[in-house]
Each structure stands twice: as structure tokens, then as C-alpha cells.
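Below: the structure, in C-alpha cells.
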Amino acid sequence: MEIGISKIGERGQVVIPLEFRENLKLQKGGKLLIVKEGNKLIFEAMKDLKAKNIEEIKEDLEDMRIANEFWEDVKKGKTIAQTKEEFLKDLEKW
């Protein structure tokens, strides 16, 4: 994990550190997806996303949130063993 510090400019602009821009091949005019989760802002280069519109991106983020919650439950031992058929039946309820 790399960490950088940046200031917010008068119009809300943030400068991404040069080494991050170079490493991620970010260029002037490139687009970033920005997600607010609690007090966190998460930036992702749009060129890395397969989704083509904001609704698809929202769906993907919700899927990731659900998967993350599931893995947290797995780590805490809160999940149950299921057969493939049982899992698919539960999945249909979602």
C-alpha cells in the first residue's frame, strides 16, 4: 500500500501525487470514479472499469459490498455449510 498527502484547492481540486499518476498511467482529462463510504473517498480510474454507465457501476459496487459482508461473516464463523442446491435456492430469494 502506498500513501500520499494532498491539499484541497480553492475549487475542490485535489492533486494526485506524480508517482501515483505515473504508476496508474493517469493523464490530463482522464476520468476517475469517486465513491464515498462513511468518511472515506475511494478513487478508481474509469479506464479500469468494465461497466459503461453509472447504473452498472452502482450495481457492481453493491455486489462488492454484499460479497465483503459475506467474507466478514466467514471470518467470524457466522456462515453455514450448504450444498450447491441450497445455496442457489437462497440466492433466488435475494
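Which members of segment 19-40 meet the condition of being within 28 Å of residue 90 (Cβ to Cβ) and either in contact with a Gly (Cβ under 7 Å, 6 or more places away or on another chain) or without any contact (Cβ under 8 Å) to a residue 12 or more places away in the chain (or both)?
Listed by number, the list holds a single entry, 37.
Would you confirm whether or not segment 73-80 contains a residue that is within 24 Å of residue 1 (Cβ to Cβ), loosely packed, with under 11 Cβ neighbours inside 10 Å, without any contact (Cβ under 8 Å) to a residue 24 or more places away in the chain and under 21 Å from the mean Cα position of the chain (by Cα)?
Among the residues of segment 73-80, at least one is within 24 Å of residue 1 (Cβ to Cβ), loosely packed, with under 11 Cβ neighbours inside 10 Å, without any contact (Cβ under 8 Å) to a residue 24 or more places away in the chain and under 21 Å from the mean Cα position of the chain (by Cα), which makes the answer yes.
Which ones in segment 1-37 are of a type in the set (D, E, K, R) and within 25 Å of residue 58 (Cβ to Cβ)? If you could, list the steps in order and put the result at the bottom.
Narrowing segment 1-37 to residues of a type in the set (D, E, K, R): 2, 7, 10-11, 19, 21-22, 25, 28, 31, 36-37.
Residues satisfying the conditions are 31, 36, 37.
Name the residues in segment 15-69 that are in contact with an Asp or Glu (Cβ under 9 Å, 6 or more places away or on another chain) and over 29 Å from residue 79 (Cα atoms), would you?
Matches in segment 15-69: 17, 19, 20, 23, 24, 32, 33, 34, 49, 50, 51.
Between a residue in segment 41-57 that is within 11 Å of residue 24 (Cβ to Cβ) and modelled with pLDDT of 80 or more and any residue that is among the small types (Gly, Ala, Ser) and not in a strand (DSSP E or B), which pairs come within a Cβ distance under 9 Å, given they are 6 or more apart or on different chains?
From segment 41-57, the pairs are 45/30.
Mind listing whichever residues of segment 1-29 are more than 27 Å from residue 68 (Cβ to Cβ) and of a type in the set (Gly, Ala, Ser)?
Across segment 1-29, the qualifying residues are 9, 12, 29.
Just need a number here: residues in segment 50-94 that are basic (Lys, Arg) and more than 22 Å from residue 34 (Cβ to Cβ). If you could, list the steps in order and put the result at the bottom.
Start the filter on segment 50-94 by keeping residues that are basic (Lys, Arg), which leaves 50, 52, 58, 65, 75-76, 78, 84, 89, 93.
Now narrow it down to the ones that are more than 22 Å from residue 34 (Cβ to Cβ): 75-76, 78, 84, 89, 93.
The qualifying residues number 6.
The values are calculated or read from the model by the stated rules, or taken from the named source; none is laboratory data. This one's a predicted model, so the numbers in the text were calculated from it and none came from an experiment. Cβ sites come from the backbone with ideal geometry, for glycine too, and all protein chains shown count toward neighbours.
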